[in-house]
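Asks: The structure under discussion is supplied below as structure tokens; questions concerning it will follow.
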Amino acid sequence: MDRRRSARVCVQLPVNAWGLDAFGQAFTTPAVVTNMSAGGVVLQGVRRRMRIGDALDIRMGELKAQFQVIWIGDMLELGLKRVSGNSFFPASAEMHCSQPAIC
């Protein structure tokens, strides 16, 4: 049984991510949101060492939001929980978040 609070949807959204890595070094990098829900995203492509609890800002176009790293996976994947900011995902993608998705 899936214990998630909200449904997830598979996407391929190019974004820019920036923050401080595990060594305290500032960085900015292009990345891709591959999976999303109303409260978080899976981000691929951040080639920096990150720690659980680290803050990461994501920008898509002119819109941005702040996230917190909640898990670190294989293949440069980060699980992020939205902390602040408006949703910057297309309305069509958000609409699908109310429907279960298989990723």
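Asks: Restricting attention to strands (runs of 3 or more DSSP E) lying wholly within the range 29-103, give those where 2 or more residues are among the small types (Gly, Ala, Ser), over 13 Å from Val15 (Cα atoms) and at pLDDT 85 or above.
Replies: 77-84
Asks: Out of the range 35-50, which residues are among the β-branched types (Val, Ile, Thr), within 14 Å of Met75 (Cα to Cα) and either touching a Lys or Arg at 6+ places or on another chain (Cβ under 9 Å) or surrounded by fewer than 18 Cβ atoms within 10 Å (Cβ to Cβ) (or both)?
Replies: Val42
Asks: In the range 51-62, which residues are in contact (Cβ under 8 Å) with a residue 24 or more places away in the chain and over 19 Å from Asp74 (Cβ atoms)?
Replies: Matches in the range 51-62: Ala55, Asp57, Ile58, Arg59, Met60, Gly61.
Asks: Okay, next question. Take the range 13-31 and flag every residue that is surrounded by fewer than 16 Cβ atoms within 10 Å (Cβ to Cβ), over 17 Å from Val83 (Cβ atoms) and without any contact (Cβ under 8 Å) to a residue 40 or more places away in the chain.
Replies: If the condition is that a residue be surrounded by fewer than 16 Cβ atoms within 10 Å (Cβ to Cβ), over 17 Å from Val83 (Cβ atoms) and without any contact (Cβ under 8 Å) to a residue 40 or more places away in the chain, then Ala22, Phe23, Gly24, Gln25, Ala26, Phe27, Thr28, Thr29, Pro30 are the ones that fit.
Asks: While we're looking at this one, here's another question. Determine, yes or no, whether Arg3 is out of contact with any helix residue (DSSP H, G or I) (no Cβ under 9 Å at 6 or more places or on another chain), at pLDDT below 90 and either farther than 15 Å from Gly85 by Cα or of a type in the set (Lys, Arg) (or both).
Replies: In short, yes.
The values are calculated or read from the model by the stated rules, or taken from the named source; none is laboratory data. Predicted model, so just to flag it, every value in this text is computed and none were measured. Virtual Cβ from ideal backbone geometry, glycine too; neighbours counted across all protein chains shown.
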